[in-house]
Each structure stands twice: as C-alpha cells, then as structure tokens.
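Nothing in this text is a laboratory measurement; each read-out follows from the coordinates by a stated rule. Everything quoted here is computed from the prediction, not taken from an experiment. Because the Cβ atoms are built from the backbone with ideal geometry, glycine has one as well, and the counts that use them run over all protein chains shown.
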Amino acid sequence: MKKNSYLLILIAGLTISCSTVTDIAYFPQFDKEINTVNETLYNVRIKPKDLLSITVVSSEPEASRRYNLFTPQIQELTRSLNSQPTIQSYLVDNDGNIELPILGILNVKGLNTKELESLIEKRLKPFFTEEMPIITIRILNYSVNVLGEVLRPGKFETTNERMTIFEGLALAGDMTIYGRRDNVKVLREDVNGERKIYTVNLSDKNVFNSPAYFLEQNDVVYVEPNQSRANSSKYGAAETYRISTLSVLISLATLAATIYSITRITR
C-alpha cells in the first residue's frame with residue numbers, strides 16, 4: 001500500500017510540473033511515427049539580387065576557362081561572405097538577368113539552380129566538341145534573418161541552401177522560454193517581389209507540410225513573445241517577481257493538497 005502511495009504522489013507531482021513544459025516544447029503532439037517531410041515544398045528559386053557562383057568544368061580547359069575567370073572585386077566580396085576565395089560570380093539584376101561570357105544575357109529569375117545548370121549546359125553544347133561540361137551553380141549570398149524571442153537575433157549567412165525553419169532558429173541560438181512555439185511568422189518575398197507571411201506552428205506535427213518549413217534566401221523569421229513576456233513588460237521586474245513567486249507558492253500549495261488527498265485515500 002505504501003508503494004502505491006509513493007507512486008500516486010510521484011504521478012501527481014509530474015502531472016503538475018509538466019503542465020508548463022508543453023508550452024515550450026517543440027514536439028508535444030508528435031507520436032513515435034511522425035509525418036515525413038514533403039520534398040515538393042523545397043522550391044528555392046533564383047531571385048533578383050542573388051549572387052550566383054557558376055562553375056564550368058570539362059576535359060577541354062581552354063573552352064571552359066573563359067567561364068571561370070577570377071575577378072578581384074567580386075572575389076573580395078565573395079571572400080567576405082564565405083571566408084574563402086571563389087570563382088567569378090554573377091549578380092542577378094532587377095529584371096532577373098545575368099550576363100555570361102559568349103552566351104550573353106540569360107533570364108534566370110524563377111529558375112532553381114538545377115534548371116539553370118541545364119539551361120547553361122544546353123547553350124554551351126556548340127562550344128564543346130569532346131564531352132559536355134559539368135555545370136555547378138550556388139547562391140553565394142544566401143541568408144536568413146531571425147528576430148524576436150531568440151537568444152541571438154540577427155542576419156545569418158550560410159552555404160546551406162536547404163535550410164529548415166528549425167535550423168534557422170538554431171543559428172540564432174534557439175528560442176527563449178518566452179517565445180511562442182505555436183505562432184512563428186515567416187516573411188517571404190517571392191521572385192516577383194510580392195511579400196507573403198506564413199504562420200508556422202512548431203508544436204504541430206503538420207509543420208513538415210508547411211510551405212515555410214524550408215526557408216528561402218532573405219526570409220525573415222519572427223518569434224512572437226508569449227504571455228509571460230507580455231506580463232513582464234507590462235508590470236516591470238518587481239511586479240513580475242512577485243507574480244512569479246505567488247505562482248510558485250500556489251503550485252506548491254496545490255501539490256501539497258494533492259499529496260494530502262492521495263495519502264488520505266490510500267490509508
């Protein structure tokens with residue numbers, strides 16, 4: 001009987017203490033088997049102001065060299081972004097165009113990197129006699145902005161073009177305990193300059209189906225403050241301390257009353 005009493009007391013204590021843990025957990029609704037990521041949602045498209053690295057590699061060095069020229073000014077810019085030198089880069093202008101040697105002006109707005117690689121390969125075909133070159137394209141100035149209730153808000157530049165919202169938050173040191181997990185905002189500008197706002201519930205297993213699960217270049221992630229933070233700003237430090245102390249005392253009193261009731265029942 002005494003063992004049962006201890007077990008009931010432990011369960012009661014855990015129940016009370018965990019009631020607030022779910023407010024700051026990322027996956028409280030997740031089962032052992034969660035929804036798989038919808039890969040079709042990964043759809044990063046080239047936008048104006050993107051800085052593209054285009055590498056052409058082939059068994060014909062003379063033919064490919066003209067596309068891999070180093071330019072001191074651009075090399076200095078990309079070194080500051082990536083901490084290492086890189087080959088010539090191409091800035092997408094406001095109309096979505098880049099200009100390549102020999103090939104001239106290409107409209108790349110709205111294409112993903114694989115589609116642009118295929119386009120350039122097709123255009124280069126007449127200039128290579130032995131075999132087709134290998135084209136590799138990267139977005140060099142890929143960055144996300146994370147604001148609000150995170151440990152280190154700011155702009156984060158990365159070479160990861162397949163970044164999830166969780167990885168973006170990790171760059172900012174994760175949310176504070178005052179951040180709302182159920183109402184994260186993602187501000188996004190599409191290839192045509194139109195702005196959209198997505199609301200993401202990180203506590204919902206359907207987060208993997210959100211169009212904002214994969215972040216895009218220049219996305220802004222905003223973590224709203226929860227009610228505790230709102231109360232802190234409203235009442236001030238002294239009042240917040242008194243409220244927190246009162247909340248702890250109420251929780252302890254509730255736990256004591258629960259233990260007392262369970263003890264009486266099990267006698």
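From the square roots a ≥ b ≥ c of the eigenvalues of the alpha-carbon gyration tensor of the range 173-226, which class results: rounded (a/c under 1.5), prolate (a/b over b/c), or oblate?
Taking the square roots of the gyration eigenvalues as a ≥ b ≥ c, the range 173-226 is prolate.
Mind sorting Phe166, Phe128 by how few other Cβ atoms lie within 10 Å of their own Cβ, fewest first?
By the 10 Å Cβ count, ascending: Phe166, Phe128.
Given labels modelled 7 Å from the Cα in the Cβ direction, how far is it in nm from Leu249 to Ser261?
Distance between the two pseudo-spin positions: 2.2 nm.
Provide Arg162, Arg45, Arg181 in ascending order of the number of other Cβ atoms located within 10 Å of each residue's Cβ, fewest first.
Arg162, Arg45, Arg181
Under 5 Å between amide hydrogens, which residues at least 5 positions from Asn112 or on another chain qualify, with H placed 1.01 Å from N in the peptide plane?
Ile46
Specify which residue in the list Leu169, Asn201, Gln227 is farthest towards the positive end of the charge dipole of the range 149-227, using unit charges on the beta carbon of Lys, Arg (+1) and Asp, Glu (-1), about the Cα centre.
Result: Gln227.
Rank these for me by crowding, Val220, Val56, going from fewest to most other beta carbons within 10 Å.
So the ranking, lowest neighbour count to highest, is Val220, Val56.
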